[in-house]
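Here the structure comes first, spelled out in structure tokens, and everything after it is commentary.
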Amino acid sequence: MSRSVRIYVGLAVLIALSVLFLFSVVHTAAGASRPSQRKLSEGHRLAQAWCQPCHAIDPHMAGVFDLAPSFQAVADRNGTTALSLKVFWRTSHQDMPNLVITPDQADALSDYILSLRRN
């Protein structure tokens, strides 16, 4: 095989691998931005069990509870992200009970809260 043919074959392989890599990144990012209905239901169930005594956990309930911000208000804050919520779950807070929460539960609760975002 001549040198120029090897260069073209190598270039073709490199382009094909680049396309596959980009496709996997886009596919992963798209899947990460849309949690499953099962995961949202699990997050809602956990919120009802753990959070509802102090927080309004469902949309359009703002102002019903005065003890803590509604999940709608938390979701609408500019700095609220999946990462910021996961850090919050792992941090002690003076006015909140210390929850022992698994990574899957943290993901489900975070996804549920973020699903309430209005903007």
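Throughout, read-outs are computed from the coordinates displayed, never taken from laboratory work. Predicted model only: the values in this text are computed from it and were never measured. Please note: Cβ atoms are built from the backbone with ideal geometry, for glycine as well, and neighbour counts cover all protein chains shown.
Please go through the stretch 75-102 and pick out each residue that is part of a helix (DSSP H, G or I) and without any contact (Cβ under 8 Å) to a residue 40 or more places away in the chain.
Our first condition is that a residue be part of a helix (DSSP H, G or I); within the stretch 75-102, this holds for 75-76, 82-89.
ALA82, LEU83, SER84, LEU85, LYS86, VAL87, PHE88, TRP89, listed by residue number.
Taking only pairs six or more apart or across chains, which ones have beta-carbon atoms under 7 Å, a first residue in the stretch 32-60 that is surrounded by 13 or more Cβ atoms within 10 Å (Cβ to Cβ), and a second residue that is of a type in the set (Asp, Glu) and assigned to a loop (DSSP other than H, G, I, E, B)?
none
If we keep just the residues of the stretch 72-86 that are hydrophobic (A, V, I, L, M, F, W, C) and surrounded by 12 or more Cβ atoms within 10 Å (Cβ to Cβ), which is nearest to SER115 (Cα to Cα)?
This residue is ALA75.
What residue, among those in the stretch 103-119 that are among the hydrophobic types (A, V, I, L, M, F, W, C) and in a helix (DSSP H, G or I), is surrounded by the most Cβ atoms within 10 Å (Cβ to Cβ)?
Within the stretch 103-119, the match that is surrounded by the most Cβ atoms within 10 Å (Cβ to Cβ) is LEU109.
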